[in-house]
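This report concerns only the one structure given below.
We did not get these values from a lab; they are worked out from the coordinates using the rules stated. Quick caveat: nothing in here was measured; it's all calculated off a predicted structure. Reconstructed Cβ throughout: ideal geometry from the backbone, glycine too, with neighbour counts over all protein chains shown.
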Amino acid sequence: MTERSIAAYDVSQRVKTYDADMELMHPNRSKMVQIALEVLPFPKAAALQAIELGIGTGYFTERFLNNFPNSRVLGIDGAQAMIELAKARLTSLAARVEFVIGDFRNLRELAPGAGTIDIVFSAYALHHLSRPDKKTVLRRVVELLVPGGWFVNADLIVAGSPELESHLQEIRVTGIVERAAGSAKFWSEKCLRALARIPRAGERRTKMTFAIKAAVSDPRARTFAFTAQKTMYGGKHIARGDIIFVFASENEGGPGLVASGVVTSAKAIARKRGVARQTPRVSITIKRSAIVKRPFGRSELKRFCDWNDGRPETELNFKFYRQATNKLAGISNEAAAFLRGFF
Ligand SMILES: C[S@@+](CC[C@H](N)C(=O)[O-])C[C@H]1O[C@@H](n2cnc3c(N)ncnc32)[C@H](O)[C@@H]1O
């Protein structure tokens, strides 16, 4: 597979349209590289030693070298034809690049000693590897990195589980919303924090608090039952014993926050067969523990729309009132503490 992947790129006639083809096939290529550069925590002036795996035509390396003008790159690729295009693109920047023609599965032989590299980066290249080869290459990368070094891979990926896929989609949508709201960065602190919370396979979630916005016929009822509610932001993880805040949706004639309570039952609704993307739904019952003491809901929250200000009101507005849809969502500890102040 990999030998063929390299050979496919080692034909000058074929790869001369590579970058033009990439523009058409991956219109977000530039943003991907920008995000990858934004997450790196190094000062611009740092003299970083970097490696690009599959440097290709030098697209990522060019942006890296411009971003870190005192840094150097070891650019590895199996296809000489691609490296020739990289040299043509990089012109004078090429003085800060050492080109190595070779198979990056043999990284140990191609790269300098362990613990000497600040950053290894790659784009659209590692997907050419089989799963075992990916693991081997990643182990080599970890060996090469200095303590605190970074590995950044900008590639097209398929998540290994539906939970991870839906978590990644939430982060993606959050990023889009933040950019639409005028954030200069493609990748905010909030997205990074959310990424850091990705549960590993088999890992149990940490304790969460939830809130639901839905139609409530009797805001002073002792118990509430909600059937097949849409969940977002981790809402699908709700379980018996969890704390939940109840908003009676203003769109359905309710006054907003009405009660807090404890979940007495939670049941996931089975996914429909043959439908690829579905919002997870749950049915829950709640035993009320407190009734709200002062009004709080859409009117109080609507002015909190600077999506990056980190305020609990903004989180609640973003999660529950940005769209009219009813939903059940996980909320942060800060938002939970804030809501407790209304009881
Ligand atoms: C799709 S291109 C991506 C090039 C560039 N990183 C970019 O973002 O446009 C994949 C590159 O990885 C190289 N490649 C694939 N497998 C490789 C391997 N095992 N060792 C070295 N290079 C490899 C190919 O020769 C090709 O240049």
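Quickly work out the A7-to-H26 label distance, labels modelled 7 Å from Cα along the C-beta direction, and quote it in nm with one decimal.
2.3 nm
Hey, can you rank 40-47, 327-334, 76-83, 125-132 by average C-beta count inside 10 Å, highest first? List each step's numbers first, then the result.
Values: 40-47: 12.2, 327-334: 19.6, 76-83: 21.2, 125-132: 15.2.
Answer by packing, highest mean first, reads 76-83, 327-334, 125-132, 40-47.
Of A154, M22, L110, whose Cα points farthest to the positive end of the dipole of the stretch 3-154 (charges on the beta-carbon: +1 Lys, Arg; -1 Asp, Glu; origin at the Cα centre)?
Of the candidates, A154 comes out farthest on the positive side.
222 nm [θ] for the chain, helices only, -39500 (n - 2.57) per DSSP H run of 4+, per residue, to 500?
On the way: 13 runs with 113 residues, N = 343.
One gets -9000 deg cm²/dmol as the mean residue ellipticity at 222 nm.
Can you list residues whose amide H is under 5 Å from F151's amide H, if they're 5+ apart or on another chain and H is modeled 1.01 Å from N?
V120
Arranged from highest to lowest average of other beta-carbon atoms within 10 Å per residue, in what order do the peptides 57-64, 221-228 appear? Intermediate values should be presented prior to the final figure.
Numbers: 57-64: 23.6, 221-228: 14.0.
Ranked by mean Cβ neighbours within 10 Å, highest first: 57-64, 221-228.
Over the alpha-carbon set of the stretch 3-154, work out the extent along each principal axis and list the three values in angstrom, largest first.
41, 32, 27
Of S260, L316, F296, which is farthest towards the positive pole of the stretch 203-340's charge dipole, taken about the Cα centre with +1 and -1 on the beta-carbons of Lys, Arg and Asp, Glu respectively?
In the stretch 203-340, that residue is S260.
For the stretch 40-48, just list the computed ³J(HN,Hα) in residue order, Karplus coefficients 6.51, -1.76 and 1.60, θ = phi - 60°, integers in Hz, with x standing in for Gly and Pro.
Per residue, the Karplus-derived 3J(HN,Hα) values read 5, x, 8, x, 3, 7, 4, 9, 8 Hz.
How big is the chain on each of its three principal axes, counting only the C-alpha atoms and giving the largest first in Å?
On the principal axes, the chain reaches 73, 42, 38 Å in Cα extent.
Once a ≥ b ≥ c are taken as the square roots of the eigenvalues of the Cα gyration tensor of the stretch 203-340, is the result rounded (a/c under 1.5), prolate (a/b larger than b/c) or oblate (a/b not larger than b/c)?
Numbers: a/c = 1.41, a/b = 1.19, b/c = 1.18.
Since a/c stays below 1.5, the shape of the stretch 203-340 is classed as rounded.
Based on the Cβ-Cβ distance of N66 and K302, what FRET efficiency does E = 1/(1 + (r/R0)^6) give at R0 = 41 Å, to the nearest 0.05?
0.45
On full extension of the chain, what length is gained from D155 through F343, given 0.36 nm per residue of separation minus the C-alpha to C-alpha distance? Don't jump to the answer; show the numbers that get you there.
Values: separation 188, 0.36 × 188 = 67.68 nm, distance 4.72 nm.
So the chain would gain 63.0 nm between D155 and F343.
Sort the following peptides by mean Cβ neighbour count (other Cβ atoms within 10 Å, averaged over residues), highest first: 280-292, 105-117. Don't skip to the answer; put the middle values down first.
On the way: 280-292: 17.8, 105-117: 15.0.
Going from most to least packed, we get 280-292, 105-117.
What nm value, rounded to one decimal, do you get for the distance between E109 and Q169 when each label is placed 7 Å out toward the C-beta?
Label at E109, label at Q169, 4.4 nm between them.
Where both partners of a DSSP beta bridge lie in the chain, what percent of those bridges are antiparallel, to the nearest 5?
Details: 26 of 53 bridges.
Within the chain, antiparallel bridges account for around 50 percent of the total.
Sticking with the crude label model, points 7 Å out along Cα→Cβ, report the distance from T223 to Q80 in nm, one decimal please.
Once both label points are built, they end up 7.8 nm from each other.
About the Cα centre, and with charges only on the beta carbon of Lys, Arg (+1) and Asp, Glu (-1), how big is the dipole of the stretch 203-340? Nearest 20 debye, please. Could the numbers behind the result be given before it?
Working: 27 positive and 11 negative charges, 122 e Å.
Dipole about the Cα centre, nearest 20: 580 debye.
What whole number of Å gives the distance from the Cα centroid of the stretch 97-120 to the Cα centroid of the stretch 160-175?
Cα centres, the stretch 160-175 to the stretch 97-120: 32 Å.
Anything over 18 Å Cα to Cα? Flag those among K31/K134; K213/K287; K287/K319; K87/K135; K236/K327; K213/K272, in the order listed.
Numbers: K31/K134 24 Å; K213/K287 16 Å; K287/K319 23 Å; K87/K135 30 Å; K236/K327 10 Å; K213/K272 24 Å.
Where the Cα-Cα span goes over 18 Å, the pairs concerned are K31/K134; K287/K319; K87/K135; K213/K272.
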